[in-house]
Amino acid sequence: MQEFKLNNANGLRMIVSDYGGIVRELHAPDRNGEFADVVLGFDTMKEYGSDSPYFGALIGRYGNRIGKGTFSIDGTDYNLAINNGENHLHGGLVGFDKVLWDTQSIEGAGFTGIRMHRVSADGEEGYPGNLDVTITYKLTDDNEWIIDYEATTDKPTVVSLTQHTYFNLSGHASGSCLDHEAIINADHFTPVDESLIPIGTLELVEGTPFDFRERQPIGTRIDSGHDQMKRGGGYDHNFALNKSQSGALERAAFIIDPSSGRTLETLTTEPGAQFYSGNFLDGTAKGKGGAAYNRRSGFCVETQRFPDSPNQASFPSSRLNPGETYRSTTVYRFGVDS
Ligand code: BGC
């Protein structure tokens, strides 16, 4: 196991492990130029194996849930590992967050980074095809963490790769993130059933707690009693992003921490993003420096194909065929709001 340190010209820095591609630290400046570590995590790598709710980690082969862990391709049924009630979540029992990646440092004009590579064997966690995956992280002098995902397969399969970093822009140990404000670039979200599997429709955000088209505090409507909010225990939903064209790298979300002034913009080529308000955090995991990460003390913006796409014909396809290349880019851009 090895850790890599990435730095940019403005003092932003991150520490990344070749285990799970985990981002263990990420330091960004506030409006006065004071740096804080804004990602939740542990002090040592060994805690990530057992206690982690995917802190900082890469997720694959399929970010989010696949209903009952089954799907079929061209008439063949596949059964995946079941690890979340009756469903499959985040790639299964040993997903991309719990494996070592072949990792090398990379450098170019205006960035430092790492390239991670791994072949996920045919049948791993139940998925078909040998999946050859390359993921790069770049930390740029424009204060962006850019993630490029690429994958090829030798059998038809399904893929949706993402990153599960929990952010708290006041600093990882600052408690609730409900005072952060959010803009989410989506007119629709995908409502879920009791086990958090999309029911297959797109619902307008208008008039619901999911309307973040204008800047809103995360916390104002989170306990409003809206049926979907009760199911998720808060925000734990896929937003169907507004796109000028399919695959365009465009804003998914913009999160502002009014107290520190730190901002985080997420851009993606993906059609969806899961906005997760850390509802299942319960303070039991002892975080960095002994921090107790209580409920809703961090948020994730997980860019993705839609959850359960392999079983939902009307959702954007997550199928990858031999001869094709899966490509996905996400940018987390740090800034300050004065
Ligand atoms: C999911 C949550 C899940 C969490 C695990 C999120 O991506 O949407 O439902 O509990 O990951 O930490």
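Here are a few things to note about the model shown:
- Elements of the type strands (runs of 3 or more DSSP E) sitting completely within the stretch 181-246 and holding at least 2 residues that are within 17 Å of residue 274 (Cα to Cα) and among the β-branched types (Val, Ile, Thr): these cover 181-184.
- When the residues of the stretch 57-66 are filtered to those that are outside any loop (DSSP other than H, G, I, E, B) and either open to solvent by less than 10 Å² (accessible area, probe 1.4 Å) or small (Gly, Ala, Ser) (or both), the one that is nearest to the ligand (Cβ to nearest atom) is 59.
- When the stretch 1-42 is filtered for residues that are open to solvent by less than 50 Å² (accessible area, probe 1.4 Å), closer than 24 Å to residue 265 by Cβ and charged (D, E, K, R), the ones remaining, listed by number, are 24, 25, 30, 37.
- Meeting the requirement of 1 or more residues that are open to solvent by 10 Å² or more (accessible area, probe 1.4 Å), the strands (runs of 3 or more DSSP E) wholly within the stretch 260-338 are 262-268, 272-276, 326-336.
- Strands (runs of 3 or more DSSP E) within the stretch 101-153 that include 3 or more residues of a type in the set (Val, Ile, Thr): 111-120, 131-140, 144-153
- Criterion (modelled with pLDDT of 95 or more, more than 17 Å from residue 54 (Cα to Cα) and away from the ligand (no atom under 16 Å from the Cβ)) met by exactly one of 158, 99: 158
- Counting only residues that are among the hydrophobic types (A, V, I, L, M, F, W, C) and within 16 Å of the ligand (Cβ to nearest atom), the stretch 194-209 holds 3 of them.
One line per residue, one yes/no per condition, for (1) within 11 Å of the ligand (Cβ to nearest atom); (2) open to solvent by less than 30 Å² (accessible area, probe 1.4 Å); (3) in a strand (DSSP E or B); (4) polar (S, T, N, Q):
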site: 44; (1), (2), (3), (4): no, no, no, yes
site: 47; (1), (2), (3), (4): no, no, no, no
site: 55; (1), (2), (3), (4): yes, yes, no, no
site: 68; (1), (2), (3), (4): no, no, no, no
site: 71; (1), (2), (3), (4): no, yes, yes, no
site: 78; (1), (2), (3), (4): no, no, yes, no
site: 81; (1), (2), (3), (4): no, yes, no, no
site: 88; (1), (2), (3), (4): no, yes, yes, no
site: 92; (1), (2), (3), (4): no, yes, no, no
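- The stretch 240-282, residues that are over 18 Å from residue 316 (Cβ atoms) and of a type in the set (Phe, Trp, Tyr): 254, 276, 280
- Boolean, residue 187 is farther than 23 Å from residue 97 by Cα and either surrounded by fewer than 24 Cβ atoms within 10 Å (Cβ to Cβ) or in contact with a Pro (Cβ under 6 Å, 6 or more places away or on another chain) (or both): yes
- All positions within the stretch 121-164 that are more than 12 Å from residue 330 (Cβ to Cβ) and of a type in the set (Val, Ile, Thr): 133, 134, 140, 152, 153, 157, 158, 159
- Residue 183 vs. criteria over 27 Å from residue 105 (Cβ atoms) and in contact with a helix residue (DSSP H, G or I) (Cβ under 6 Å, 6 or more places away or on another chain): no
- Test: residue in the stretch 229-248 that is farther than 23 Å from residue 171 by Cβ, polar (S, T, N, Q) and within 16 Å of the ligand (Cβ to nearest atom): yes
- Among the residues of the stretch 263-272, not a single one is touching a helix residue (DSSP H, G or I) at 6+ places or on another chain (Cβ under 8 Å) and within 16 Å of the ligand (Cβ to nearest atom).
- Within the stretch 94-124, the set of residues being open to solvent by 70 Å² or more (accessible area, probe 1.4 Å), in contact with a Lys or Arg (Cβ under 9 Å, 6 or more places away or on another chain) and among the charged types (D, E, K, R) comprises just one member, 102.
The values are calculated or read from the model by the stated rules, or taken from the named source; none is laboratory data. As the structure is a prediction and not an experimental result, all values here were calculated from the model. Don't worry about glycine lacking a Cβ; one is built from the backbone with ideal geometry, like all the others, and counts go over all protein chains shown. To get the accessible areas, we keep the full protein, side chains included, count just its heavy atoms, and leave off ligands, DNA and RNA. Shrake-Rupley method; radii C 1.70, N 1.55, O 1.52, S 1.80 Å.
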